[in-house]
Amino acid sequence: MTTNQEQQAIKTSSSQEEEIDLIALSKELWDGRKTIIKWVLGGILIGLVIALLSPKEFTVTSTMVPQSAQSRTGNMSGLSSLAAMAGVNLSAGSGGESLSPMVYPKIVQSAPFLLELMDTPFQMEEANQPFSLYTYYTEYKKPGVLGAIKKYTIGLPEVILKAIRKSEEATVTGNANSLLRLSPEQYEVAKALQQKVNVNINDKEGTIVLSVSLHDPILTAQVANKAQQMLQRYITTYRIQKAQEQLGFVQARYEEKKAEFMGIQDKLALFRDRNKNVSSAIAQTEEQRLQSEYNMAFSVYSELAKQLEQAQIKVKEDTPVLTIIEPVQVPLEKSSPNRPMILIIWTFLGGIIGVSTIFGKQFLATVQERWRETDKPEELQTKS
């Protein structure tokens with residue numbers, strides 16, 4: 001019985017202490033309400049500045065589904081035999097390599113893709129004639145107020161490094177024509193486009209979403225449309241490379257055997273015209289020999305014609321198709337900045353900083369008080 005009473009008393013005292021702590025915390029917050037209000041107002045002010053000075057952006061998205069016919073390798077066995085006779089090995093590529101959609105984002109972010117995209121001319125509202133994204137970013141685009149502040153504060157080391165790199169590049173000599181080398185301006189434009197052009201893969205739905213974000217709605221739609229066409233072309237080029245090599249091999253052999261067949265055909269016709277009334281054994285033997293050559297050449301020629309048709313079909317079969325579900329549309333509303341959300345976030349941050357300031361001051365005061373208490377016994381000992 002006594003134990004139960006003691007436990008009940010402990011619970012009562014702990015609950016009272018919790019109530020006291022909550023009351024003390026509430027009192028601290030109330031006493032520091034001016035500090036909290038100042039920080040909240042500061043957060044609102046910062047949020048307003050950021051919301052008003054942030055540049056507008058429009059986003060265009062296009063949804064696609066990758067489709068590709070299954071490769072038919074069985075009907076290309078004759079091609080492999082012909083290639084082997086000519087000393088060319090095509091068996092390694094006869095299976096038809098597929099390009100995983102997971103690689104598509106890497107293609108869009110690659111340097112060759114971005115270089116081609118930045119050199120493509122587009123029509124912009126601020127210009128009477130089309131010009132490229134490279135020209136826009138290097139000659140026309142000016143950083144906003146926030147961009148300028150960031151450039152010469154947080155980004156100041158990068159600005160200094162760029163100046164050093166430019167001076168070093170002016171003194172660099174050597175032959176690097178075989179390598180892909182971007183100029184500092186191209187690198188900066190490519191880095192900017194990597195943030196503006198993206199491809200996302202939805203594994204569950206099996207869709208591909210291409211998104212482009214830029215300052216002008218019409219320009220954004222143009223860039224998205226061009227990027228979509230380029231992605232289709234890059235995928236197709238990689239996917240049908242093997243089939244095109246096979247087609248080229250068959251085409252060359254076909255033309256060669258066609259010329260050979262027509263030559264033998266002309267020889268046989270000419271021999272028969274010259275020996276119409278000749279019945280000698282030598283003439284008959286020569287005619288049989290020419291007929292045998294003709295039959296052999298015709299057999300090879302007709303077989304190559306079949307293989308050529310098969311190779312052409314294979315190229316069409318292996319050509320991937322991106323079926324467009326949601327086409328590119330000119331956006332009517334901006335996607336950023338989301339001004340209400342910016343205000344809410346900065347107001348919330350201001351409140352958190354204000355509350356943290358109050359509790360931080362209380363914590364420092366407690367630490368200083370305990371520090372003084374530990375120093376008092378030492379002072380008494382030294383005096384005694």
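Each reported figure results from applying straightforward, stated rules to the coordinates on display, with no laboratory input. For clarity, every value in this text was computed on a predicted model and none was experimentally measured. FYI the Cβ positions are ideal-geometry reconstructions off the backbone, even for glycines, and counts take in every protein chain you see.
In table form, for the structure just shown:
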| quantity | calculated |
| --- | --- |
| Computed FRET value (nearest 0.05) for residue 51 with residue 259, which takes r as the C-beta separation and R₀ as 51 Å | 0.10 |
| Cross-link pairs beyond the 21 Å C-alpha cut-off, checked among 242/316; 204/242; 106/191; 106/316; 258/306 | 204/242; 106/316 |
| Cα-centre dipole for the stretch 286-339 with unit charges at Cβ (Lys and Arg positive, Asp and Glu negative), debye to 20 | 540 |
| For the stretch 248-316, size of Cβ-based charge dipole, Lys and Arg +1, Asp and Glu -1, in debye | 160 |
| Cα principal axis extents for the stretch 248-316, largest first, Å | 53, 14, 13 |
| Label-point gap, in nm, between residue 44 and residue 357 - each point 7 angstrom along Cα→Cβ | 1.5 |
| Contour excess over end-to-end distance, with Cα ends at residue 319 and residue 204 and 0.36 nm allotted per residue | 39.0 nm |
| Qualifying GluC sites (Glu not before Pro) for the stretch 289-342 [loop in DSSP, other Cβ within 10 Å: at most 13] | 333 |
| Shape call, the stretch 302-344: gyration tensor on alpha carbons, a/c limit 1.5 | prolate |
| Gained length - residue 312 relative to residue 140, 0.36 nm times residue gap less alpha-carbon distance | 57.2 nm |
| Sorted by Cβ neighbour density within 10 Å, fewest at the top, the residues 359, 122 | 359, 122 |
| Förster radius 51 Å - calculated FRET efficiency between residue 294 and residue 67, Cβ distance, rounded to 0.05 | 0.65 |
| Extreme residue, positive dipole direction of the stretch 248-316, given options 312, 270, 280 (C-beta unit charges) | 312 |
| Label point distance in nm, residue 277-residue 366, each placed 7 Å from Cα along Cα→Cβ | 13.1 |
